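A quick write-up on the structure given underneath.
The values are calculated or read from the model by the stated rules, or taken from the named source; none is laboratory data. Here the structure is a predicted model, which means the values were calculated and not measured. Heads up, the Cβs are rebuilt from the backbone with ideal geometry, glycines too, and the neighbour counts pull from every protein chain shown. The protein model used for the area step is the full one, side chains on, heavy atoms only, and it has no ligands, DNA or RNA in it. Shrake-Rupley method; radii C 1.70, N 1.55, O 1.52, S 1.80 Å.
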Amino acid sequence: MKIATWNVNGIRARAAQLCEWLERDRPDIVCLQELKAESTQIPEQCQLADYHVYWHCRKGYSGVSLHIHKDLFAVDPVFSHPPFDMESRIVQVEHGDLVIASVYVPNGGKDYPAKLQFMTQLADWTRQLHAEGRELVLCGDINIAHAEMDVHPKARKPNAVGQRPEERALFESLLGTHVVDLGRAFDPDNLNLFTWWAPWRNLRARNIGWRLDYVLASPTVADRARSCVVLADVGTSDHAPVMMTMA
């Protein structure tokens, strides 16, 4: 099984690239973020017949979606949103004891307290799921570089939003709710593992970036994982997809 996440930075601009990528890699579950479109603006070519899909939209801003290959569900899945959802930032689906969610954490540049509150509530929610004996796969753009090594040395700034100590502490709190950062689990020492590059000065080609996009999974799910890779060759968004493969 393949589970993938991608901040498309505008689904209308990335529609053809999304279809090409899905045809190439054929992920079973796809989580998208930053759709920047209303439901009526989703391109027709993205309405893929092989997937159940929920478009959680917001005009010109934010927005997430969750795509489940129809081979995984005998009936239409039930999509929902945790109580702390705001600005169309999280959608989830349940499959037995497994919860799969696509999440887009606020950037924090315009409303930093709202970002911290969202992260606190996200950690509380994952902790509750664990207490209930549920498994979780949480995919998306967390908008925090977890550690210093997750930012290229040339892009490190002590007070930059996304690198601040209190944000990283909240990320650590999230991991402390019994989820594993699969990107680092499979590539713990890679100092050049990034998923986002500012769209100027050829930074993507030079790989001067940040790691902001994650697949986080309960230990029981992580034990079945075989890989988790950044697909830096896909698309023209400022983010690259991340895809995990599991038994």
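At-a-glance table
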item	result
Largest-first ordering by accessible area, 1.4 Å probe, given options 70, 154	154, 70
Tail weight of P(r) past 14 Å, computed on alpha-carbon pairs of the range 99-164, percent	64 percent
Percent RCO, i.e. relative contact order, over the range 112-247, from Cα pairs under 8 Å lying at least 6 residues apart	28 percent
Residue-by-residue Karplus 3J(HN,Hα) for the range 34-48, coefficients 6.51, -1.76, 1.60, Hz, glycine and proline x	6, 5, 6, 7, 7, 4, 6, 9, 5, x, 4, 5, 8, 7, 7
Long-range amide H partners of residue 56 with built H, under 5 Å	64, 65, 66
When the convex hull of its Cα atoms is projected in every direction, mean area for the range 86-130 (nm²)	3.2 nm²
Residue 114 paired with residue 71, simple spin-label distance in nm, labels 7 Å along Cα-to-beta-carbon	4.0 nm
Computed accessible area, residue 51, all protein chains, 1.4 angstrom probe, square angstrom	20 Å²
Under the Karplus curve 6.51 cos²θ - 1.76 cosθ + 1.60, θ = phi - 60°, whole-Hz ³J(HN,Hα) for the range 207-218, x wherever Gly or Pro sits	6, 9, x, 10, 9, 10, 10, 9, 10, 10, 9, 4
Anchor residue 115: lysines whose Cα lies under 23 Å away (excluding residues fewer than 8 positions away in-chain)	36, 59, 157
From phi via Karplus (6.51, -1.76, 1.60), per-residue ³J(HN,Hα) for the range 184-194 in Hz, x at Gly/Pro	6, 4, 8, 9, x, 10, 6, 7, 10, 9, 10
Computed P(r) (all Cα pairs; the range 22-92; 5 Å bins; percent)	4, 16, 26, 24, 19, 9, 2, 0
Amide H partners (placed H, <5 Å) of residue 95, local residues excluded	100
Amide H contacts under 5 Å for residue 8, placed H, 5+ residues apart	33
Extension gain, residue 17 back to residue 121 (0.36 nm per residue minus Cα-Cα distance, nm)	34.1 nm
Two-site label geometry, residue 198 and residue 173: point separation in nm, points 7 Å out along Cα→Cβ	2.9 nm
Cys with no candidate disulfide partner in the chain (beta-carbon separation under 4.7 Å rule)	19, 46, 57, 228
Helical contribution to [θ] at 222 nm, DSSP H n ≥ 4, -39,500 (n - 2.57), averaged over the chain, rounded to 500	-7000 deg cm²/dmol
The chain: relative contact order in percent, alpha carbon pairs under 8 Å with at least 6 residues between	20 percent
